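To start, the structure itself, in structure tokens.
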Protein chains: 2
Amino acid sequence: MVRVPLSRWERERGERFGALLRQARGDRSMVEIAAAAGVSVETLRKIEGGRIPTPAFFTVVALAAALDLSLDVIAAATTPADVTSHPGQHPLSA
Amino acid sequence: MVRVPLSRWERERGERFGALLRQARGDRSMVEIAAAAGVSVETLRKIEGGRIPTPAFFTVVALAAALDLSLDVIAAATTPADVTSHPGQHPLSA
DNA sequence: AACTATACCGGTATTAGTATCACGGTCATG
DNA sequence: CATGACCGTGATACTAATACCGGTATAGTT
């Protein structure tokens, strides 16, 4: 009946995710990438800054396309290796 | 100041997405896949049925892993070809 | 036959989180 | 100076994720 709050781990993962996007953006402006992805600039800023730790899948799809990134690479890069070897240790989803 | 409601197109995309997951699940039980992904069964059911049209990215990551699917393949399969050739015609994100 | 267990179905209620706009501020550039 | 990008924030409506409900269907057991 209640949505479970995001754990610390999930928040940190979101921060890692945001940092990865920031890095991929490089010299391009946030405004440019947000427009290319069809997302508001504020949203991209929040995602990059980890303040939206679990964005919607299709939002990420659009951002990945604008940044020419593979989703599989993103997913692999934001999951610490120890989690993948022990799937039961942390929630796997958002 | 207000979050824009999901368009019909976005809802339909969510239904396509859900159908793709359902197909990928095959003979395996919803309970089994949901558990493997660390997601509630109700959530998976709703995603498959299109009643959660824009699930969180990391939820999809976990489900894709449980189903042994590539995220890039999922994203490509749920985007009609005419949308990719005309990026301005529909919102690209969730 | 009845009973039990399990999976699946769509819906409801609740809570937490997202995505957006708008704002005031800073900073860099022409 | 004006302009554009970036920053974090407040407020808002919307949506996701969860547990639960009553129902159906199937398979196995007594």
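Here are some notes:
- A:ALA24, sole failed condition from (1) without any contact (Cβ under 8 Å) to a residue 40 or more places away in the chain; (2) more than 28 Å from B:GLU42 (Cβ to Cβ): (1)
- Residue match in segment A:37-46 (condition: over 23 Å from A:ARG8 (Cα atoms), within 13 Å of chain B (Cβ to nearest Cβ), away from DNA strand D (no atom under 12 Å from the Cβ) and in a helix (DSSP H, G or I)): yes
- Subset of segment A:56-70 that is within 8 Å of another protein chain (Cβ to nearest Cβ) and not in a helix (DSSP H, G or I) - its residue that is farthest from A:ALA24 (Cα to Cα): A:ALA56
- Residue check for A:ARG3: surrounded by fewer than 17 Cβ atoms within 10 Å (Cβ to Cβ), within 8 Å of DNA strand C (Cβ to nearest atom) and modelled with pLDDT under 95: yes
- Count of segment B:15-30 residues which are in contact with a Gly (Cβ under 6 Å, 6 or more places away or on another chain) and assigned to a loop (DSSP other than H, G, I, E, B): 0
The values are calculated or read from the model by the stated rules, or taken from the named source; none is laboratory data. This is a predicted model, so every value here is computed, not measured. Cβ atoms come from the backbone with ideal geometry, glycine included; neighbour counts cover every protein chain shown.
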